[in-house]
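Presented below is the structure to which this report refers.
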Amino acid sequence: MLCFHLQSLYLSRGRCILRQVFFGLPSMLQRPYSLDVSAQLLRTQAFIDGRWVSAASTFPVLDPATGEEIAKVSDCGTMEAQDAVNAACKAFHLWKNHTAKERSILLRKWFDLINQHKEDLAKLITAECGKPMKESIGEMTYSASFLEWFSEEARRVYGDIVAPSAKDRKILLLKQPVGVASIITPWNFPSAMITRKVGAALAVGCTVVVKPAEDTPLSALALAELSVQAGIPPGVFNVVPCSREKTPAVGELLCTDPLVAKISFTGSTATGKILLRHAAGTVKRVSMELGGHAPFIVFDSADVDKAVAGAMVSKFRNTGQTCVCSNRFLVQSGIHDAFMEKLAKAMDAELKFGHGSEPATTQGPLINTRAAEKVENQIADAVAQGAVIVRGGKRLEGSFMQPTLLSNVNTDMQCMREETFGPLIPVVKFNTEQEALAIANASPVGLAGYFYSRDISQIWRVAEQMEVGMVGVNEGLISTTETSFGGIKQSGFGREGSKYGIDEYLEIKYMCLGGLSL
């Protein structure tokens, strides 16, 4: 059981410092831990209509590495969610009439402020979701980039003038904002998943109500503070944090209220289906980025060293807790043994446990003990069916899980049928390209997929036949602001980022201007 001896919270030169000294822990956590961020950014109230609002109760935000409390945050219910929707609706009628240039300038100011406070914002991410600090800094760069991108796209929302069939008419197609958008985001990228959605929404004139994940509300609230400093008007950006217990009711309101025109959700396929049912009653616009189960195929024609490097970055980023993480590893028989040997050595050399704030840490904790139990169960199921543990395989204290490599895996095992969201690599040996594609495409979801090959004909064949929304060819890290992000099948619909992400928040209005004299 992880325990601590001393905890202190005080202000020093406008910074909020939380220090804990641990005893009786694994060696990776036997050291002082401090959360040293600007007091302005450590917000714990809801943000509604430009004001910081307290709810009747609070819920704790925990450090997943230690289980200790970081802060108590206002536990919003349907009343606060309704207030936020009302505020967003009122603000929409003003915000949509701002010029595109005015909205662009404000988003750019928000982008600049995020960059100025990047390190503090990264510390919040590491504290509440356990991500290594290096990755948290990377997330903040990624997060800010969406505000920069959509600040530029705000001025490029063009309609069309269409050649009419009648001489006395003019036909115009206008693009207009859909209205209030409910933004429901996950814990694994607590800042970037917000800016990727909100940047597009605000750029075109929509207003938003954000419900962050219950595990990671502090990042969302810090973004709200910076939105105030940037000059975003009251009611345009609202944040309603809530506990796991209140999430179903708040989520339902945000999906059913008639004042809400649009829902954007990132999370599990199961939850996405619930929200879709809620949205159906009022026929709302919906975009969903749901679960993935990404295949990672290594063909005999691959560069083994590059494939190993791609596997490492694709699987172990955020300790395997990303929606585009590789889950099912398929390695062709001619290259299988060499790949396994080099991958095992790379895991030994490159992966290091620890608290995310330690500079050398590459593998932090999973988000909670439930997540660790899921990985444990998948490993146990695979071993019971004949899989062999090549590396790792054990759960450590709390929600820490050893990075695990399995060989002799078959497609009936749980880890090949369900998304893992943890540091587990199950490897299936295959013989032919057709066999690999059949296994890869057997999943009901299709978010991302990866493969390694130096055969140009094979590259085109496989890329076109993989049933996913995003394909990495000889590349394990594919996310970037300029490209579309989204999946097919039960991984959802709609796209985020890129020039297409802004369309999710626009309606097209046809205007026929008749009776014109010639």
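The values are calculated or read from the model by the stated rules, or taken from the named source; none is laboratory data. On a predicted model such as this, the values are computed, not experimentally measured, just so you know. All Cβ positions, even for glycine, are placed from backbone atoms using ideal geometry, and neighbour counts span all protein chains on display. Just so you know, the surface numbers come from the protein's heavy atoms only, side chains and all, with ligands and any DNA or RNA stripped out. Shrake-Rupley method; radii C 1.70, N 1.55, O 1.52, S 1.80 Å.
Modelled with pLDDT of 95 or more, touching a Lys or Arg at 6+ places or on another chain (Cβ under 7 Å) and open to solvent by 10 Å² or more (accessible area, probe 1.4 Å): which single residue out of GLU341, GLU376 fits that description? Don't jump to the end; show me each part of the working.
On the way: GLU341 fails: touching a Lys or Arg at 6+ places or on another chain (Cβ under 7 Å).
Residue meeting the stated conditions: GLU376.
Please name all residue pairs, on different chains or six or more residues apart, with Cβ atoms under 9 Å, provided the first residue is in the range 428-448 and is touching a residue at least 24 places away in the same chain (Cβ under 8 Å) and in the same structural domain as VAL468 (by the TED database) and the second residue is assigned to a helix (DSSP H, G or I) and open to solvent by less than 10 Å² (accessible area, probe 1.4 Å).
VAL428/ALA436; PHE430/ALA436; GLU433/VAL462; ALA436/VAL462; LEU437/VAL462; ALA440/VAL462; ALA448/SER314
Which condition does ALA144 not pass, out of (1) open to solvent by 10 Å² or more (accessible area, probe 1.4 Å); (2) in contact with a Phe, Trp or Tyr (Cβ under 9 Å, 6 or more places away or on another chain), if it passes all the others?
(1)
When the range 216-233 is examined, which residues are found to be in a loop (DSSP other than H, G, I, E, B), surrounded by 19 or more Cβ atoms within 10 Å (Cβ to Cβ) and not polar (S, T, N, Q)? Let's see the steps before the verdict.
Let us first name the residues in the range 216-233 that are in a loop (DSSP other than H, G, I, E, B), namely 216, 231-233.
Checking which are surrounded by 19 or more Cβ atoms within 10 Å (Cβ to Cβ) leaves us with 216, 232.
ILE232, the sole residue that qualifies.
Looking for something under 28 Å from GLN490 (Cβ atoms) and assigned by the TED database to the domain that holds LYS72 - is there at least one such residue anywhere in the range 228-237? Can you show your working first?
Within the range 228-237, the first condition is being under 28 Å from GLN490 (Cβ atoms), and the residues that meet it are none.
So far as the range 228-237 goes, no, none of its residues is under 28 Å from GLN490 (Cβ atoms) and assigned by the TED database to the domain that holds LYS72.
Could we say that VAL462 is assigned to a helix (DSSP H, G or I) and open to solvent by less than 60 Å² (accessible area, probe 1.4 Å) here?
Criteria met by VAL462.
Working carefully through the options PRO186, PRO190, find the one that is within 21 Å of TRP110 (Cα to Cα) and either modelled with pLDDT of 95 or more or not assigned by the TED database to the domain that holds GLY235 (or both). Steps first, answer last, please.
Details: PRO186 fails: within 21 Å of TRP110 (Cα to Cα).
That would be PRO190, the only listed residue that is within 21 Å of TRP110 (Cα to Cα) and either modelled with pLDDT of 95 or more or not assigned by the TED database to the domain that holds GLY235 (or both).
Results for (1) crowded, with 23+ Cβ neighbours inside 10 Å; (2) closer than 17 Å to SER326 by Cβ; (3) free of Cβ contacts under 8 Å to residues at least 24 places away in the same chain; (4) not assigned by the TED database to the domain that holds PRO177, shown as yes or no for each residue.
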residue: LEU254; (1), (2), (3), (4): yes, no, no, no
residue: SER264; (1), (2), (3), (4): yes, no, no, no
residue: SER268; (1), (2), (3), (4): no, no, yes, no
residue: ARG285; (1), (2), (3), (4): no, no, no, no
residue: SER301; (1), (2), (3), (4): no, no, no, yes
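Looking at the range 117-131, is at least one residue open to solvent by 60 Å² or more (accessible area, probe 1.4 Å) and in contact (Cβ under 8 Å) with a residue 60 or more places away in the chain? Don't jump to the end; show me each part of the working.
Looking only at the range 117-131, we keep the residues that are open to solvent by 60 Å² or more (accessible area, probe 1.4 Å), and these are 119.
Among the residues that remain, those that are also in contact (Cβ under 8 Å) with a residue 60 or more places away in the chain are: none.
The answer is no; no qualifying residue exists.
What number goes with the only condition from (1) more than 21 Å from PHE299 (Cα to Cα); (2) in contact (Cβ under 8 Å) with a residue 40 or more places away in the chain; (3) of a type outside the set (Ser, Thr, Tyr) that GLN332 does not pass?
It is condition (1) that GLN332 fails.
I'd like to verify a number: residues in the range 92-116 that are open to solvent by 10 Å² or more (accessible area, probe 1.4 Å) and among the hydrophobic types (A, V, I, L, M, F, W, C), how many?
Residues of the range 92-116 open to solvent by 10 Å² or more (accessible area, probe 1.4 Å): 92-94, 96-106, 108-109, 111-113, 115-116.
When the remaining residues are screened for being among the hydrophobic types (A, V, I, L, M, F, W, C), the result is 92, 94, 100, 105-106, 111, 113.
Selection size over the range 92-116: 7.
Restricted to the range 440-474, and to residues that are among the charged types (D, E, K, R) and closer than 24 Å to THR411 by Cα, which residue is farthest from the chain's Cα centre (by Cα)?
Here is the first cut: in the range 440-474, the residues among the charged types (D, E, K, R) are 454-455, 461, 464, 467.
Filter once more, so that each one left must be closer than 24 Å to THR411 by Cα: 461, 464, 467.
Working: ARG461: 30, GLU464: 26, GLU467: 21 Å.
Result: ARG461.
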